[in-house]
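These notes concern the structure reproduced below.
The values are calculated or read from the model by the stated rules, or taken from the named source; none is laboratory data. What you are looking at is a predicted structure, and each value in this text was computed from that prediction instead of being measured. We place every Cβ from the backbone using ideal geometry, glycine too, and count neighbours over all the protein chains shown.
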Amino acid sequence: MTDRAEVSHLLRRLTFGPTAAEVDAAVRAGAAATLTRVLASIGGAARLPELGPDPLAGLGRDASREDLQRARRQARAQVGAATRWWLARLAAEPGAAEKLTFFWHGHWATSVRKVRSAPLLLAQQQTFRRYGGGPTGPLVRAMIRDPALILWLDGQRNTRQAPNENLARELMELFTLGVGAYTEADVQAGARVLTGWRVDRAAGTATLVPRRHDDTPVTLLGHSGRCDVDTYADLLVRHPAHASFLAHRLWIRYAAGAAPSPPVTARLVAAGSAGTTAMLRAVVTDPDFAGTAGGLVKQPVEWLVGALRQLGVAVAGLPEPAQQRLLAGLRALGQVPLQPPSVGGWPVGAAWLTTSATLARLEHGRHLAALAPRAVAGLADTAPGDRLAALARLLVVDAWTDRTAAVLSGAVHEPRRLLALGLATGEYAVH
């Protein structure tokens, strides 16, 4: 792997689509310095958009049908504004922070379709930004109390009189431990520990209501006695299955699209004791990482955001109809931020490589090319015989296969069409 291929591979995985200029700078700085710089962006919080109060939170029991319909329209408008804001942020931030925020969003998959509150989903994002790069203990403690997650998994219905096991089950199966690391008795005990939380939508908080909470002793993950939510979180992150579970998830999303080998898992677990950022560093410096090049399918959001960055399209500067069309393209591709299809999140791998997805990328690529006159002009200023190389440089593609090059060659005299075709290629969809 050449120096350029090495840093391109690093940046493609840790960020949302590096630009050619960013790759040039990384080659000059070297892989080690580039890695340190990119990971340094992780941590802190974002300045959130001003959405106003949650419209549904202000409805009283005597609200009319018209009041409810108006509040729902306002809530949908807030969701649209929040989604457009995050898409613009994803495309504007060059480091690894927002890629990691998006990873956690797919991991702790929470959908605004059920929660119906853009402010609560944005607050959940802030939790990912603050705690997502460090040790997972503080993150799990915060997420157990997260209002959006509680609503998503029916935690507000979990009372001492009628325990609801949804949150406890998914907390262990999908978020921290994985299948086989807990028992049904652990689910039942965990549900009891999580009883009594009530969400205040207006305040954006979750509060423990003592009269709804079951505080009797439990036996949970080998611990017997009284157990509060912080004790539960600590039991989860100290469980032998937790570190390897996270290592698998990071490797699948950032490296290979498939589970790591036992030796790779062991190396990631050993490095990850300092937190998720340290484990991410271990992923991209692992001896097996270089061999994953060309083997990870981009999720639609990764595909679109990378294209926006490489084509120099400033989402925030686009008129709202153009931003809406970008989101319509994501809907056609099957992935819209804030709307994971289930608690299991979005799929990985070949699920994104269907014939219909390829056609959708081609159609969306035409729209993106129309939004990028400077990128098209840059290709037009290049001699026709050099345009395939210029396109590869623009899109940070290491090389075209002979078959793809033959297809692209038919469009070298039409720079805008060439760019649209390049965005729809397998080499761009799989990195």
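Listed values, structure above:
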| quantity | calculated |
| --- | --- |
| Selection count, the stretch 265-313, where residues are of a type in the set (D, E, K, R) and without any contact (Cβ under 8 Å) to a residue 60 or more places away in the chain | 3 |
| Among residues of the stretch 309-348, those that are more than 12 Å from residue 83 (Cβ to Cβ) and hydrophobic (A, V, I, L, M, F, W, C), counted | 11 |
| Pair list, Cβ under 8 Å, 6 or more apart: the stretch 174-198 residue over 23 Å from residue 104 (Cβ atoms), other residue of a type in the set (S, T, N, Q) and surrounded by 23 or more Cβ atoms within 10 Å (Cβ to Cβ) | 191/158; 195/158; 196/158 |
| Qualifying residue in the stretch 300-318 (condition: over 21 Å from residue 419 (Cβ atoms) and outside any helix (DSSP H, G or I)) | no |
| Scope the stretch 248-283; condition within 18 Å of residue 430 (Cα to Cα) and buried (at least 17 other Cβ atoms within 10 Å of the Cβ); matching residues | 250, 251, 253, 254, 255, 256 |
| Residues located in the stretch 288-325, provided they are small (Gly, Ala, Ser) and farther than 18 Å from residue 427 by Cα | 312, 314, 316, 317, 322 |
| Answer from 57, 71, 63 - the residue that is at pLDDT below 95 and in contact with a strand residue (DSSP E or B) (Cβ under 9 Å, 6 or more places away or on another chain) | 57 |
| Residue 417 being part of a helix (DSSP H, G or I), within 28 Å of residue 101 (Cβ to Cβ) and not aliphatic (A, V, I, L, M) | no |
| For residue 28: the one exception among (1) surrounded by 13 or more Cβ atoms within 10 Å (Cβ to Cβ); (2) closer than 28 Å to residue 289 by Cα; (3) of a type in the set (Lys, Arg) | (1) |
| Tally of residues being surrounded by 21 or more Cβ atoms within 10 Å (Cβ to Cβ) and among the charged types (D, E, K, R) across the stretch 285-319 | 3 |
| Test result for residue 206, buried (at least 16 other Cβ atoms within 10 Å of the Cβ) and part of a loop (DSSP other than H, G, I, E, B) | no |
| So residue 337, is it part of a loop (DSSP other than H, G, I, E, B), buried (at least 20 other Cβ atoms within 10 Å of the Cβ) and either touching a residue at least 12 places away in the same chain (Cβ under 8 Å) or not hydroxyl-bearing (Ser, Thr, Tyr) (or both) | yes |
| Some residue of the stretch 226-247 being touching a residue at least 60 places away in the same chain (Cβ under 8 Å), farther than 18 Å from residue 138 by Cα and surrounded by 22 or more Cβ atoms within 10 Å (Cβ to Cβ) | no |
| Conditions (1) β-branched (Val, Ile, Thr); (2) in contact (Cβ under 8 Å) with a residue 24 or more places away in the chain; (3) in a helix (DSSP H, G or I): number failed by residue 412 | (3) |
| Selection count where residues are closer than 16 Å to residue 188 by Cβ and part of a loop (DSSP other than H, G, I, E, B), scope the stretch 227-250 | 1 |
| Tabulated pairs, the stretch 348-360, first on the phi > 0 side of the Ramachandran plot, second crowded, with 16+ Cβ neighbours inside 10 Å and not polar (S, T, N, Q), C-beta under 7 angstrom, 6+ apart or interchain | 349/257; 349/297 |
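Here's the yes/no breakdown for (1) in contact (Cβ under 8 Å) with a residue 60 or more places away in the chain; (2) surrounded by fewer than 16 Cβ atoms within 10 Å (Cβ to Cβ):
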{"residue": "65", "(1), (2)": "no, yes"}
{"residue": "81", "(1), (2)": "no, no"}
{"residue": "98", "(1), (2)": "yes, no"}
{"residue": "106", "(1), (2)": "yes, no"}
{"residue": "111", "(1), (2)": "yes, no"}
{"residue": "117", "(1), (2)": "yes, no"}
{"residue": "143", "(1), (2)": "no, no"}
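One line per residue, one yes/no per condition, for (1) surrounded by 20 or more Cβ atoms within 10 Å (Cβ to Cβ); (2) in contact (Cβ under 8 Å) with a residue 24 or more places away in the chain:
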residue	(1), (2)
1	no, yes
15	yes, yes
32	no, no
43	no, yes
62	no, no
